[in-house]
Each structure stands twice: as structure tokens, then as C-alpha cells.
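For reference, the structure is listed below as C-alpha cells.
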Amino acid sequence: MKQLPEQLERLVATLETLDRGDRIQMLIELAEQFRPVPPRIAQRPYPAERRVPGCESEAYVWWEPEAKGNLVYYFAVENPQGISAKALASILGSSLSGAALDEVAEVPADIIYRIFGRELSMGKSLGLMGMVNMVCMAARQQMQAVRPEIASSGF
Amino acid sequence: MSKGIGERGYARTDVLVSTDWVEQHLNDPAVRIAESDEDPLLYSSNHIPGAVEIDWTRDLNDPIRRDYLGRIAFERLMRRIGATRETTIVLYGDKNNWWATYSFWLLQLFGHEKAKIMDGGRLKWIKENRPVTRDVPRYQPTNYQAPERDDTRFRAFRDQTLKHMEGKLPMIDVRSPEEYRGERLHMPDYPNEGALRGGHIPGARNVPWGRAVNQEDGTFKDAAELRKIYTEENKLRPEDEVIAYCRIGERSSHTWFVLRYLLGFSKVRNYDGSWTEWGNLVQAPVENPSAEARDEAAA
């Protein structure tokens with residue numbers, strides 16, 4: 001298994017040192033820092049193909065290449081009560097944007113349990129894992145677009 | 001705007017309270033307000049002043065096996081939130097009160113009948129700009145004494161559900177039409193619904209839980225509208241034995257609440273094993289219109 005992108009690993013490791021109460025406070029602060037997709041990238045109504053499957057908080061994901069050929073990730077969370085989805089969007093957007101595509105492509109979906117703890121309902125888990133998976137899928141697609149030989153190497 | 005709760009023709013009006021009622025009882029020592037959410041961050045982000053959190057996963061589930069907490073753990077929970085058998089527990093939460101009705105259902109397994117749901121849930125309270133806080137209240141622990149959990153009246157297990165199905169008794173699948181039809185919901189590489197097979201229990205009718213709710217404010221529809229859905233369209237009768245199920249039992253607890261309390265069905269049970277159990281059971285009968293349609297097309 002590949003290493004997590006450095007910024008994500010650092011953030012997750014910090015969360016893991018906190019007790020439940022402090023972890024929740026940190027995640028709430030991250031949710032409060034969330035900034036939705038800029039109008040330059042997307043405007044409502046958002047297209048269905050950008051919607052995260054299985055996410056009941058109505059999360060959407062977009063991406064665009066940056067100078068080095070890696071991706072910048074953008075999110076929208078339409079459910080005003082979707083605070084966990086906002087926290088995760090904030091984490092993924094800040095820690096994976098610009099990270100190496102092969103590292104992003106291999107972020108495991110169950111990273112959500114290291115972030116939120118094991119006390120997630122099945123529905124909430126599926127939605128949050130769907131957000132991670134959609135970012136990974138974007139990275140894989142970008143790798144295939146820029147380096148087609150990768151497509152046959154297992155990614 | 002919804003009618004007042006007393007004007008909606010419900011079979012029981014004592015189990016549902018308005019946001020106004022809750023605001024008027026914020027300091028009522030006979031009332032304990034409790035928030036139950038799916039999102040583990042919501043309560044800590046803010047909540048109704050004085051409200052305690054009842055966390056579905058940590059507080060109400062057995063930590064090891066798939067079951068609910070037993071009597072001693074339930075007593076510990078109720079003592080911690082400062083409740084006695086005489087305390088009225090008012091539940092509210094996210095997702096149109098899915099998790100609040102789930103907690104309400106569980107309170108009934110322990111016979112705590114003094115319980116109410118706040119109509120419209122958390123979102124209605126927030127939209128009405130009512131007071132919220134991040135302060136977590138502490139209450140004097142009580143000596144709550146609970147009876148053993150009674151799983152016979154309101155809970156259905158898989159063998160009972162199988163017999164129910166074989167007897168062609170009414171069953172309601174409250175999931176989305178796509179889940180009911182067994183259509184693939186997720187793109188490749190995405191997690192599935194936690195079940196190896198899609199579709200529904202043979203004979204179950206699909207009545208998505210959300211049909212019972214007014215979309216504009218999350219309140220329950222009035223009794224005439226609910227009867228139209230459940231008794232006219234779906235031919236259920238209040239004297240019927242009905243089983244409701246969904247994926248893990250949370251959405252179906254919402255429908256259980258509607259049928260039992262708002263429409264007065266006396267014999268309705270929640271199959272909490274739901275599709276995550278049935279869809280994984282070896283040789284369990286399944287109807288999957290989506291797969292059957294694909295097979296026909298391929299033939």
C-alpha cells in the first residue's frame with residue numbers, strides 16, 4: 001500500500017492523537033473553514049455526474065489540473081446539516097489538491113474511520129467513503145489521460 | 001404551513017410536539033430534550049439549550065454484536081441524562097427525525113412511554129432561528145429502573161419476517177424506489193448498500209418513508225394525507241399486522257411511528273435487521289424487478 005499524501009497523513013495523525021471531544025471540535029472547525037466550489041468552476045444546478053453516489057448530504061466534487069499536472073479538488077455540500085461532509089470536503093480539498101496523482105488515487109476509502117472514528121452509521125460511512133472514492137477516481141482518470149500506459153498497470 | 005398538531009386528525013397527539021412547545025419547555029424539569037443524529041458532529045456544533053445527546057452508535061447499540069443495549073446499559077444511559085421513569089423525553093434530530101424516531105422506538109422496547117418527537121426535527125428549529133448553544137448540560141444522575149427489553153411488540157426478527165412473508169401479510173419497504181427495485185445505485189468501485197443481493201422481500205410494497213413528511217418544513221403530513229398513502233393507495237388497514245423495513249431499521253422506525261401513533265395501527269413492527277440482513281441471507285427469497293428485467297432482455 002502506498003503512503004498517504006503527506007498533508008493528509010499529517011492531518012489524520014493529528015486527529016488520531018485527540019480524544020473524541022477534541023477530535024469533534026477540530027472537525028467542526030474544519031467544517032467551518034469549508035468553502036464551496038467557486039462559481040468559476042460550477043454553478044447551481046450542479047450536474048448529476050458530479051454528485052457523490054450514496055452521499056445523503058448531497059456532496060458534489062469537481063477537479064481541474066494545476067501547473068504540475070496534478071489536480072485541485074472542489075466540493076459542494078448542499079445539505080445545510082451535512083457538517084461531516086463539509087469537514088471531509090475541507091480535509092480532502094486542502095490536503096489532496098496538488099498532491100501526486102498516484103498517491104491520491106490510492107487513498108483508501110476507509111480513511112474516514114481514522115478521521116471520524118469508528119462510530120459512523122452505515123449510511124454516513126457510505127456517503128463519506130463515496131467522497132473519497134470520487135476524488136480517487138478523478139486522480140485515476142487524470143493519470144490515464146496524461147499517461148495512458150498507467151491504464152494497463154493496474155490503476 | 002402545517003396545521004397545528006391537534007388539528008391534523010392523528011390517532012395520538014400526545015407523542016408529537018411542535019418547536020413552539022419545545023421552546024416553552026426548555027426549563028421544564030419534567031422534560032428532557034434529547035438530540036439523536038446520524039451526523040456525529042451535529043450535536044457538538046450546536047443544539048437546543050439543555051438538550052442532551054443520545055448517540056445512536058455509542059449509546060443505543062451493543063458494542064460487540066448486532067443488537068441494542070440491554071437493560072443495565074439502558075438504565076445507565078437514562079441515569080446519565082438525568083431521566084426518571086416519569087421524565088418526558090422529547091427527541092429531535094437530523095434527517096427528518098430518522099434517528100429521533102429510531103431512539104423513540106428503542107425507548108418503547110424498554111416501555112418508556114413518556115416520549116415525544118419534535119415535529120420537523122433539528123432543521124425546522126434551526127430554520128426558525130430558535131436558540132441554540134454549544135454548552136453541554138449536566139444533570140443530576142438518577143436511579144432509573146428499567147424493565148427487561150421487550151422485543152415482542154414492536155420488533156420483528158428475520159424468521160418472523162419470513163413467516164410474515166409466507167403468510168402474505170402486509171409488509172412495507174420504506175427505502176427508495178431504486179433500492180426497492182434492486183437497481184444498481186453505485187458506480188463501479190463504489191461501496192454497495194452493505195448487502196450481497198438487491199431487491200426486496202417478496203410481497204413488500206414500496207412506500208418510501210419520506211412520503212409521510214411535508215417537504216417544505218419536514219413536519220409530518222396530516223392524517224388524511226397519510227391515510228391516502230397507506231390505507232387507500234397501499235390497502236393497509238389499522239387492524240393489520242404490518243412489518244416495516246429499510247436498510248438497517250432507521251427509516252422504517254420513522255414509518256413505524258407514523259403507522260402506530262399517527263394512524264393508530266395497533267400491530268406494526270419494525271424489522272431492524274432490514275435489508276442488510278435479508279439481502280445477505282443465504283437462500284432468502286428476493287424479488288428483484290431490475291434483475292428480472294435484465295434477464296428477460298437478455299433471453
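Computed from the coordinates by the stated procedures, all read-outs in this text should not be read as laboratory data. These figures come from a predicted structure and were not determined experimentally. Note that we place each Cβ from the backbone using ideal geometry, even for glycine, and neighbour counts take in every protein chain shown.
Inter-label distance, A:Q144 to B:R12: 5.4 nm, where each label sits 7 Å from its Cα along the C-beta direction. Per residue, the protein assembly as shown reaches -10000 deg cm²/dmol at 222 nm when only DSSP H runs of four or more residues are counted, each adding -39500 (n - 2.57). Averaged over the residues of peptide B:225-235, the number of Cβ atoms from other protein chains lying within 10 Å of each residue's Cβ is 0. On the principal axes of its alpha carbon atoms, region A:6-148 extends 44, 33, 25 Å, with the longest extent given first. When chain B is treated as a GNM with alpha-carbon contacts under 10 Å, the residue of B:T255, B:T133, B:T88 showing the greatest mean-square fluctuation is B:T133.
Taking Cα centre as origin and charging only the Cβ of basic (Lys, Arg, +1) and acidic (Asp, Glu, -1) residues, the dipole magnitude of chain A rounds to 260 debye. For B:E86 and B:L196, the difference between the fully extended length at 0.36 nm per residue and the C-alpha to C-alpha distance is 35.2 nm. Among beta bridges identified by DSSP and lying wholly in the protein assembly as shown, the antiparallel ones come to about 35 percent.
For the protein assembly as shown, the alpha carbon positions stretch 65, 62, 43 Å along the principal axes, listed from largest to smallest. Across chain B, the mean sequence separation of Cα contacts (distance under 8 Å, 6 or more residues apart), normalised by length, yields a relative contact order of 20 percent. Shielding of peptide A:117-125 by partners, expressed as the average count of other chain Cβ atoms within 10 Å per residue Cβ, is 6. Can you tell me, using C-alpha contacts under 8 Å and at least 6 residues apart, the relative contact order of region B:158-298 as a whole percent? That works out to 31 percent. With contacts taken as Cα pairs under 8 Å at a separation of at least 6 residues, chain A carries a relative contact order of 28 percent. The average projected area of region B:158-298, computed from the convex hull of its Cα atoms over all directions, is 9.5 nm². Evaluated at q = 0.07, 0.12, 0.13, 0.14 Å⁻¹, the base-10 log of the normalised Debye intensity for chain B, with identical point scatterers placed on the Cα atoms, takes the values -0.27, -0.79, -0.93, -1.07. When the pairs B:K163/B:K267; A:K86/B:K221; B:K3/B:K127 are compared against a 21 Å limit on Cα-Cα distance, A:K86/B:K221 fall above it. Over region B:84-191, the ratio between the Cα radius of gyration and 2.2 N^0.38 Å evaluates to 1.46. For region A:81-121, count all C-alpha to C-alpha pairs, find those more than 15 Å apart, and express that count as a whole percent of the total. Beyond 15 Å sits 48 percent of the P(r) for region A:81-121. Between the listed residues B:N206, B:Y245, B:A223, the Cα displaced farthest toward the positive end of the dipole of region B:158-298, a dipole computed from Cβ unit charges relative to the Cα centre, is found at B:A223. Expressed in Å, the radius of gyration and Dmax of the Cα atoms of region B:5-127 are 13.8, 45.
In terms of packing, defined here as the mean over residues of other Cβ atoms within 10 angstrom, the peptides A:60-68, B:137-145, A:77-85, A:103-111 line up highest first as A:77-85, A:103-111, A:60-68, B:137-145.
The modelled label-to-label distance between B:R294 and A:I41, using points 7 Å beyond Cα along the C-beta direction, is 3.3 nm. Take every DSSP beta bridge whose two residues both sit in region B:5-127; close to 10 percent of them are antiparallel.
Ranked by the mean number of other Cβ atoms within 10 Å of their residues, highest first, the peptides A:87-93, B:93-99 fall in the order B:93-99, A:87-93. With both labels modelled 7 Å from their Cα along Cα-to-Cβ, the A:D19 to B:R76 distance reads 1.7 nm.
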